[in-house]
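The values are calculated or read from the model by the stated rules, or taken from the named source; none is laboratory data. In this text the structure is predicted, and so the values were computed from the model without any measurement. Glycine gets a Cβ as well: all are built from the backbone with ideal geometry, and neighbour counts include every protein chain shown.
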Amino acid sequence: MALSGAKEDAREVRIYEYLDELSADLADYISELSEASVKERGVFAIALSGGSLISLMRKLCEAPYSKTVDWAKWYIFWVDERVVGKNHVDSNYKLAKDGFLSKVPIVPSHVHSINDTVSAEKAAEDYEFVIRQLVRTRVISVSDISDCPKFDLILLGMGPDGHIASLFPDHYILDEKAEWVTFITDSPEPPPERITFTLPVINSASNVVVVVTGSSKAEAAHLAIDDVGPECPLSSPAKMIQPTKGKLVWYLDKAAASKLEGTKYSE
Ligand SMILES: O=C(O)[C@H](O)[C@@H](O)[C@H](O)[C@H](O)COP(=O)(O)O
């Protein structure tokens, strides 16, 4: 049984006792979003993050999804990436390739990883250019209220400090409004050089899913999800996930949800 609570109309919090159950429901939800998007637009543009998210997506590589998902229509992007070689142990591309992409029949030319041969600044610029081209051809949709790309699904993890993508607390790039993709060279967590989608792009997505597990994230989850008023550090990046028109769903395990207020059981 999952706990769930609709905190606001377009925001839902799903809480699971067991990771296997979380993983199964996550696979089911992603496959539903893929089906809806392919039906509506003919494609599914999905942006991945790193961390434990990839292993929690494992059930998508299994039956029935391995056969039922229209993999040929998937286009893969990264919400954030470490500026290291594609074979480097820190590469989010490598993580996704080893744990997910190599196990499902996604068209290799639909996989859009960063240019790993240039500086962080240039990699961000190049990646934004790639995204702009795909917005032009409508592989990626466009927001009707901003000029931002509208990804069909953005998948995020969250760190114990409340960071999402490579948007860290108190960092000046939280205020970045002009760029779609930006870069940092001073990440508080190694490696220091990263590229990341900016908040306006994350908040323009049709769907945002944040997957958070473990007790070390409980306080950050509470601050991000609950209405904590002045207690909340204003710069909690996870609290800034507020899709303008899209739907936000939090997937939490019991440990990560242990400090949440007022969540009700549902069948
Ligand atoms: O590069 C990073 O800073 C991390 O990969 C980060 O983006 C990750 O998504 C969160 O820290 C959650 O990671 P876990 O789910 O593994 O805790």
Check: Among the residues of segment 120-143, is there at least one that is within 15 Å of the ligand (Cβ to nearest atom), touching a residue at least 60 places away in the same chain (Cβ under 8 Å), part of a loop (DSSP other than H, G, I, E, B) and more than 20 Å from Ser204 (Cα to Cα)?
Finding: no
Note to self: For the structure I just gave you, tell me whether Val208 is more than 13 Å from the ligand (Cβ to nearest atom) and buried (at least 24 other Cβ atoms within 10 Å of the Cβ).
What the structure shows: yes
Check: Any idea which of (1) at pLDDT 95 or above; (2) closer than 30 Å to Ile184 by Cβ is the one Ala72 doesn't satisfy?
Finding: (2)
Checklist line | Per-region count, segment 144-168, residues at positive phi and more than 8 Å from the ligand (Cβ to nearest atom) | finding: 1
Check: Applying the selection to segment 174-195, what residues are within 12 Å of the ligand (Cβ to nearest atom) and either in contact with a helix residue (DSSP H, G or I) (Cβ under 7 Å, 6 or more places away or on another chain) or basic (Lys, Arg) (or both)?
Finding: Ile184, Glu193, Arg194, Ile195
Margin query: So, Pro200, is that one of a type outside the set (S, T, N, Q) and assigned to a helix (DSSP H, G or I) or not?
Written below: yes
